[in-house]
Amino acid sequence: MAGTGDRRIGIVMNGVTGRMGHRQHLVRSILAIRAEGGLPLADGTRLWPEPVLVGRNAAKLQALAEAHGLERWTTDLDAALAEPDAEIYFDAQVTSGRAAAIRAAIAAGLHVYTEKPVAADVAGALELARAARDAGVKAGVVQDKLFLPGLRKLDRLVRGGFFGRILSVRGEFGYWVFEGDWQEAQRPSWNYRAEDGGGIITDMFCHWRYVLEEIFAPIRSVQCLGATHVARRFDEKGRPYECTADDAAYGTFELDGGIVAQINSSWTTRVFRDELVEFQVDGTEGSAVAGLRRCRVQHRSTTPKPVWNPDIPATEDFRSQWQEVPDNAEMDNGFKAQWELFLRHVVDDEPFRWDLLAGARGVQLAELGLRSWADGRRLAVPELTL
């Protein structure tokens, strides 16, 4: 329980019956902060989050609230936004409903924290950013992959100059999502319907924008080939439907400094790597392979000298020639870590740079990726401002 000296803050949480909203944002972030007695603030008191669960399905909301000992839930977003203690609106609902809900929250005077993509197109995303600016409310967009232990180690290597001149970044992300007939799908069916905001380009290019630019360098051009490899799937009720959105994307990005990044994103690939996402970075002085948690390096001075000979079996254990990068710090859940930063941004006015304009940049890259695929050409990525 919160102590008498604690500051309470109401958080309207929309879309927490979904997989990500429930597991990462409610359970592993907000409820985890409560389990620790609240969030320490600059003045020595602790911030106690009071979630108000919002969604479309009353039965699911009630069951979720009861499972976690929470009392406040509703299917009426306007009523939740009008709660006297409501200060923050959080959105993890289906993409197609996000922009309208964020606009309503801004109009109600709440600060906004949201999943991606923030809107269906760049124009809509910039409209939200301007609305938040004009209303004087604070806004943040989830950039969770920056807080993954593996990518934090990779960022540390870049900042320390380990790579020398960085030449290339190669990323592999994805796994096989079952079609839903003989095995239940791991992702909701709307992900595969473009009319509902689905598609892996729309989903993942928002992530690749901040990963590439925050760790390496600004993106100057994009060339993308998308695909709908599986044309027919089965929804949550076992009904067949035709897929109208892309389930795989093969992107090439040119970064400042001549860095070339290639990232494959796929829900139609079977995993033969150590983690569901991995990035290999090659530079003049060394290379690294980073995933969700691990990061391994090979320096120039310890690089072996392989020789191509297809006539004999490989005799080298290439993986054993790499060195593990140590944690060197306690790394908490990435979603929780960013929630804590945003809460301190709202209450203590600490800096938080991932605002709705940052979210709009992610939407911009996704939009350009889709256009590149449609036009069959490379496109420049212009600066985006309000």
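The values are calculated or read from the model by the stated rules, or taken from the named source; none is laboratory data. Bear in mind the structure is a predicted one, so any value in this text is a computation, not a measurement. Backbone-built Cβ (ideal geometry, glycine too); neighbour counts: all protein chains shown.
(1) touching a residue at least 40 places away in the same chain (Cβ under 8 Å); (2) over 23 Å from Leu146 (Cβ atoms); (3) touching a strand residue (DSSP E or B) at 6+ places or on another chain (Cβ under 9 Å): which one isn't true of Glu242, the others all being true?
Here Glu242 meets the rest and fails (1).
Kindly list the number of the only condition in (1) over 27 Å from Ala358 (Cα atoms); (2) in contact with a Gly (Cβ under 9 Å, 6 or more places away or on another chain) that fails for Trp182.
Single failed check for Trp182: (2).
Collect the residues in segment 1-55 that are charged (D, E, K, R), closer than 22 Å to Lys116 by Cβ and either surrounded by fewer than 17 Cβ atoms within 10 Å (Cβ to Cβ) or in contact with a His (Cβ under 8 Å, 6 or more places away or on another chain) (or both), keeping them in residue-number order.
Result: Arg19, Arg23.
Going through Arg353, Arg361, Arg344, Arg378 one at a time, which residue ends up being farther than 20 Å from Glu115 by Cα and basic (Lys, Arg)? Let's see the steps before the verdict.
Numbers: Arg353 fails: farther than 20 Å from Glu115 by Cα; Arg361 fails: farther than 20 Å from Glu115 by Cα; Arg344 fails: farther than 20 Å from Glu115 by Cα.
One residue alone meets the criteria, Arg378.
Given the residues Trp339, Trp373, Trp308, Trp354, which is the only one that is part of a loop (DSSP other than H, G, I, E, B) and crowded, with 16+ Cβ neighbours inside 10 Å?
Every option except Trp354 fails the conditions.
Hey, does segment 250-265 have a residue that's modelled with pLDDT of 95 or more, out of contact with any Ser or Thr (no Cβ under 8 Å at 6 or more places or on another chain) and part of a loop (DSSP other than H, G, I, E, B)?
No, the conditions are met nowhere in segment 250-265.
Quick check: anything in segment 149-170 modelled with pLDDT under 95 and surrounded by fewer than 21 Cβ atoms within 10 Å (Cβ to Cβ)?
To start, the set of residues in segment 149-170 that are modelled with pLDDT under 95 comprises none.
Within segment 149-170, none of the residues are modelled with pLDDT under 95 and surrounded by fewer than 21 Cβ atoms within 10 Å (Cβ to Cβ).
What residue, of Val94, Val118, Val142, Val112, is at pLDDT below 95, of a type in the set (Val, Ile, Thr) and within 30 Å of Phe173 (Cβ to Cβ)?
Numbers: Val118 fails: at pLDDT below 95; Val142 fails: at pLDDT below 95; Val112 fails: at pLDDT below 95.
Matching residue, one of Val94, Val118, Val142, Val112: Val94.
Mind listing just one residue for me: the one in segment 264-300 that is touching a Lys or Arg at 6+ places or on another chain (Cβ under 9 Å) and without any contact (Cβ under 8 Å) to a residue 60 or more places away in the chain and, of those, nearest to His229 (Cα to Cα)?
Here the answer is Asp274.
Only one of Ile215, Ile200, Ile263 is among the β-branched types (Val, Ile, Thr), buried (at least 19 other Cβ atoms within 10 Å of the Cβ) and closer than 19 Å to Arg378 by Cβ. Can you tell me which?
It is Ile263.
Hey, can you tell me all the residues within segment 63-110 that are among the aliphatic types (A, V, I, L, M), under 26 Å from Arg133 (Cβ atoms) and assigned to a helix (DSSP H, G or I)?
Leu77, Ala80, Leu81, Ala99, Ala100, Ala101, Ile102, Ala104, Ala105, Ile106, Ala107
Counting only residues that are touching a strand residue (DSSP E or B) at 6+ places or on another chain (Cβ under 8 Å) and under 30 Å from Gly286 (Cα atoms), give me the strands (runs of 3 or more DSSP E) lying completely in segment 111-194 with at least 2 of them.
Filter on segment 111-194 gives 166-174.
Which condition number does Gly38 fail, the rest of (1) in contact with a Phe, Trp or Tyr (Cβ under 6 Å, 6 or more places away or on another chain); (2) on the phi < 0 side of the Ramachandran plot being met?
(2)
Going by what's in this entry, would Glu278 be described as acidic (Asp, Glu), outside the structural domain of Glu115 (by TED's automatic domain parsing) and surrounded by 16 or more Cβ atoms within 10 Å (Cβ to Cβ)? Walk me through how you get there before you give the answer.
Working: acidic (Asp, Glu): yes; outside the structural domain of Glu115 (by TED's automatic domain parsing): yes; surrounded by 16 or more Cβ atoms within 10 Å (Cβ to Cβ): yes.
So Glu278 fits the description; yes.
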